[in-house]
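First the structure, in the form of structure tokens, and then the observations on it.
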Amino acid sequence: MQQRWDYIAAAVADIGDELSKHASTVNPMFPDNGDVTLTLPVALAPTEVKIVRAWFSNAEAVRVDPWWEQIENGRHRLWGTLPHFGDRLIPVKGSAIGYANPLDAAAIGPTWPALATDNLQELDSLNWFNQADPVNRTFRNALSTAAAGSFPSPV
């Protein structure tokens, strides 16, 4: 069966809207890693459900940082859905924030906040990054928190 990319895009955009409003429910089994309970807003086939769930999973999220030219994960999903988003926001996960947690910080070592500082400077140099957008503001604040040596909230 061919995927209905328009349905997938609608579900992804609806979930992204829910997340941006902080209207999602944190998964009680994993309260510290950003997992939320997803409610699929449209009826999807089983493979389409897997595509949408992967979009928001830790391991398979559509992932890129605004200052980076290359998408790190999710190219094929974006190619399939981009024509169907219209003027709706497309949720993506920033890679840099994913490393601002105790486990990764221990692996990187004591210089991990310096990486976040570099990323924050790159973000702030982008004249097109809309800091008035609440989701973008949350992303920037999380990066700033990491640059200060603290771990941002995962949700």
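The values are calculated or read from the model by the stated rules, or taken from the named source; none is laboratory data. These numbers were taken from a predicted model, which means no experiment stands behind them. Backbone-built Cβ (ideal geometry, glycine too); neighbour counts: all protein chains shown. Please note that ligands, DNA and RNA were not included when accessible areas were found on the heavy atoms of the full protein model with its side chains. Shrake-Rupley method; radii C 1.70, N 1.55, O 1.52, S 1.80 Å.
Checking each residue in the range 83-104 for being loosely packed, with under 12 Cβ neighbours inside 10 Å and touching a residue at least 24 places away in the same chain (Cβ under 8 Å) picks out Pro83, Pro102.
The C-beta contact set for the range 8-21 (first residue under 12 Å from Phe56 (Cα atoms) and touching a residue at least 40 places away in the same chain (Cβ under 8 Å), second residue aliphatic (A, V, I, L, M) and open to solvent by 50 Å² or more (accessible area, probe 1.4 Å), distance under 7 angstrom, 6+ apart or interchain) comprises Ala13/Leu89; Gly16/Leu89.
Checking each residue in the range 58-82 for being open to solvent by 20 Å² or more (accessible area, probe 1.4 Å), acidic (Asp, Glu) and in contact (Cβ under 8 Å) with a residue 24 or more places away in the chain picks out no residue at all. Quickly run through the range 129-155 and pick out the residues that are outside any loop (DSSP other than H, G, I, E, B), at pLDDT 85 or above and not aliphatic (A, V, I, L, M). Listed by number, the residues that qualify are Asn136, Arg137, Thr138, Phe139, Arg140, Asn141, Ser144, Thr145. Could you tell me which of the residues Thr145, Thr138 is farther than 19 Å from Glu69 by Cβ, surrounded by 12 or more Cβ atoms within 10 Å (Cβ to Cβ) and in contact with a Phe, Trp or Tyr (Cβ under 8 Å, 6 or more places away or on another chain)? Sole residue among the options that is farther than 19 Å from Glu69 by Cβ, surrounded by 12 or more Cβ atoms within 10 Å (Cβ to Cβ) and in contact with a Phe, Trp or Tyr (Cβ under 8 Å, 6 or more places away or on another chain): Thr145. Residue under question is Pro113, and the condition is that it be at pLDDT 95 or above and either surrounded by fewer than 16 Cβ atoms within 10 Å (Cβ to Cβ) or touching a helix residue (DSSP H, G or I) at 6+ places or on another chain (Cβ under 6 Å) (or both); does it hold? Spelling it out, Pro113 is indeed at pLDDT 95 or above and either surrounded by fewer than 16 Cβ atoms within 10 Å (Cβ to Cβ) or touching a helix residue (DSSP H, G or I) at 6+ places or on another chain (Cβ under 6 Å) (or both).
Of the numbered criteria (1) outside any loop (DSSP other than H, G, I, E, B); (2) more than 22 Å from Ala59 (Cβ to Cβ); (3) not basic (Lys, Arg), the one Asp104 fails is (2).
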